[in-house]
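Structure first, then comments.
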Amino acid sequence: MIFLKTEDEIELLRQSNLLVGKTLAEVAKLIKPGVTTGELDKVAEEFIRDNGAVPTFKGFPNQYGDPFPCSLCTSVNEQVVHGIPGKDVVLKDGDIISIDCGVYMNGFCGDSAYTFCVGEVKEDVLNLLKVTKEALYLGIQNAIQGKRLGDIGYAIQQHCKSHSYGILREFVGHGIGKDMHEDPQVPNYGKRGTGMLLKKGLCIAIEPMITQGDRRIVMERDGWTVRTRDRKFAAHFEHTVAVNTGKADILSSFEFIEAVLGDKSV
Ligand code: MG
Ligand code: MG
C-alpha cells in the first residue's frame with residue numbers, strides 16, 4: 001500500500017529527518033581512532049531522547065524476531081549495514097564506518113546514513129565513499145513526478161558499475177512515513193522507464209549500499225550484521241526524500257554532519 005503524504009505530513013517528516021542529521025553530526029564530533037561504537041551509540045540515543053524523539057532502530061525485530069539492541073547501526077569496513085555498536089568495537093586509523101540512524105517523532109520517522117572516515121583512509125577506499133555518495137544524489141535527481149522507480153535504481157547502478165563496484169541486491173531503500181519501512185521497495189539497480197510511476201508526495205529513503213569488490217554478502221552470527229563475503233570494504237549513504245515536480249525535496253540533511261567534518265567531508 002502506497003501512502004502519498006500531504007504537505008503537512010512532509011513537514012513533520014522533515015523535522016524527524018533533520019533530527020537524524022543533527023544526531024549524526026553529534027556522532028561525527030566523536031569519530032576518531034580509539035573511540036568505541038558503543039560510545040557513539042550512547043551519545044546518539046541521549047541526543048535523540050533529549051530532543052523528544054525515540055530511536056526507531058532500538059527494539060526493531062529481525063527475521064528471527066530478535067530485537068535490535070541499539071539506537072544506531074554502526075558498520076565498520078567490510079560490514080555493509082546493520083552492524084551492532086559495542087564497547088568492544090574500537091575504531092582505528094584507516095577504518096570507515098557507516099552510521100545509520102532512525103528516529104520517530106510527532107508520528108513520523110526519519111532515516112538517514114553517512115559513511116565516515118576514521119583518521120587517514122586509503123585513496124581507493126575514499127573513492128568508494130565518494131562514488132557511493134554521488135550515486136545517492138544521482139538517484140535523488142530521478143525522484144521526481146513523472147519518472148519511474150526504475151529510473152532511480154538505474155542512475156545509481158550505472159554510476160557504481162562504471163567504477164566496477166558491487167551493488168547489494170538483498171537490501172534496498174523503502175517508502176517511509178508513519179512507519180520506518182513502507183511500500184514501495186526502492187532498489188539500487190533497475191531498468192530505465194520501468195516500475196512504479198512516481199507521484200508528488202511519495203516519500204522514500206534512497207540508500208545505495210555499495211561494495212569495493214564482489215556484491216555477495218554474508219550475515220554474521222549475531223543475526224544482524226551484514227558483511228561482504230570477500231571482506232572488501234563497503235559504503236552506505238542514505239537520504240529520505242519527497243518526490244516533487246521538477247526537483248526532489250531532500251528531507252534529511254548532511255549539512256550538520258559536513259559542518260563538523262569540514263574538509264574531511266566525503
Ligand atoms: Mg537507514
Ligand atoms: Mg532506510
_Within the stretch 234-261: backbone nitrogen closer than 16 Å to the D214 label point (7 Å, Cα to C-beta)_ = 234
*Tell me, what is the FRET efficiency for N62 and Q185 to the nearest 0.05, using R0 = 22 angstrom and their Cβ-Cβ distance as r?*
0.80
_Distance histogram for the chain (every C-alpha pair counted, 10 angstrom bins, percent rounded to whole numbers)_ = 8, 33, 39, 19, 2
_Residue among Q15, V186, C109 farthest towards the positive dipole end of the stretch 7-264, charges placed on Cβ_ = V186
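With r as the distance between the Cβ atoms of L126 and Q158 and R0 = 30 Å, compute the FRET efficiency 1/(1 + (r/R0)^6) and round to 0.05. Display every interim value, and only then the final one.
Values: r = 21 Å, r/R0 = 0.70.
Calculated value: 0.90.
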_What is the distance in Å between the Cα centroid of the stretch 122-153 and that of the stretch 1-37?_
19
_Under 12 Å from a point placed 7 Å out from the Cα of L4 along the Cα-to-Cβ direction: which residues of the stretch 141-171 have their backbone N that close?_
145-146
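Since every read-out is calculated from the coordinates, none of them should be taken as a lab result. Values in this document were obtained by computation on a predicted structure and should not be read as measured data. Every residue, glycine among them, receives a Cβ derived from its backbone with ideal geometry; neighbour counts consider all protein chains shown.
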